[in-house]
Each structure stands twice: as C-alpha cells, then as structure tokens.
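Engineer: Attaching a single structure in structure tokens format; questions to follow.
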Amino acid sequence: MGTEQGKPAVVERVNVALIADSAAALAKLQARTGMKKVDIVNRAVQLYEFLEAQMREGRELVVRDENGIDRIVKIF
C-alpha cells in the first residue's frame, strides 16, 4: 500500500475504550490543536514509546518552567 496525499498508509486499526479522564484530555487536545483524534492518538503512542525507552535506559524526564526551575516528571 502506498500513501495518499502524503499520509502514511494504515498498518493496523484498533478500537480503544477511553476512560473519562482520557476522553476529556483528548477533547481538550483536539480543541486546542485542531488535529483529528486519530492523529493525536498516533502521536501520543509514539511519544509514550520514546519516553518509556528513555526511562528504561535510566534517563529522567525533566520539565523546565518559565523561571528556569527544573522538575522531574514521573510516569508510571
């Protein structure tokens, strides 16, 4: 299968039941970004895989606020 208009070919389809908090977060992201739900979910899975791989290697996720203060983020 090729791509259509530069979009990646669909490799796998999944049906996911979201809990209320996840559905609300998805709706907020869609409203803020204007992206389609499928695109948000695809990005989220790729981001989680990257973060999990980094943590598995012993690295930490650090978020720096506007004042230059670093905070370590724990993802379980």
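The values are calculated or read from the model by the stated rules, or taken from the named source; none is laboratory data. What you see is a predicted model, and the numbers here were worked out from it, not measured in a lab. Because the Cβ atoms are built from the backbone with ideal geometry, glycine has one as well, and the counts that use them run over all protein chains shown. Side chains included, ligands, DNA and RNA excluded: accessible areas come from the protein's heavy atoms. Shrake-Rupley method; radii C 1.70, N 1.55, O 1.52, S 1.80 Å.
Engineer: What do you get for the angle between helix 20-33 and the principal long axis of the chain? Use alpha-carbon atoms, 0 to 90 degrees, nearest ten.
Structural biologist: It works out to around 80 degrees.
Engineer: Further question on the same structure: Using a 1.4 angstrom probe, figure out how much accessible area the chain has per residue, in square angstrom, rounded to the nearest whole.
Structural biologist: 95 Å²
Engineer: How about the chain: which GluC sites (Glu not before Pro) there lie in a loop by DSSP and see at most 16 other Cβ atoms within 10 Å?
Structural biologist: Answer by residue number: 12, 57, 60, 66.
Engineer: Taking a cut-off of 14 Å, what percent of all Cα-Cα pairs in the chain are separated by more than that?
Structural biologist: In whole percent, the long-distance tail amounts to 75.
Engineer: Using only Cα atoms, tell me the angle between helix 37-56 and the longest principal axis of the chain; keep it within 0 to 90° and round to the nearest 10.
Structural biologist: So the inclination is approximately 40 degrees.
Engineer: What part of the accessible area of the stretch 11-52, given as a whole %, is carbon or sulfur when the probe is 1.4 angstrom?
Structural biologist: Roughly 59 percent, rounded to a whole number.
Engineer: Also, quick follow-up: So if I place +1 on the C-beta of Lys and Arg and -1 on the C-beta of Asp and Glu, and nothing else carries charge, what would the dipole magnitude of the chain be about its Cα centre? I want it in debye, nearest 20.
Structural biologist: 220 debye
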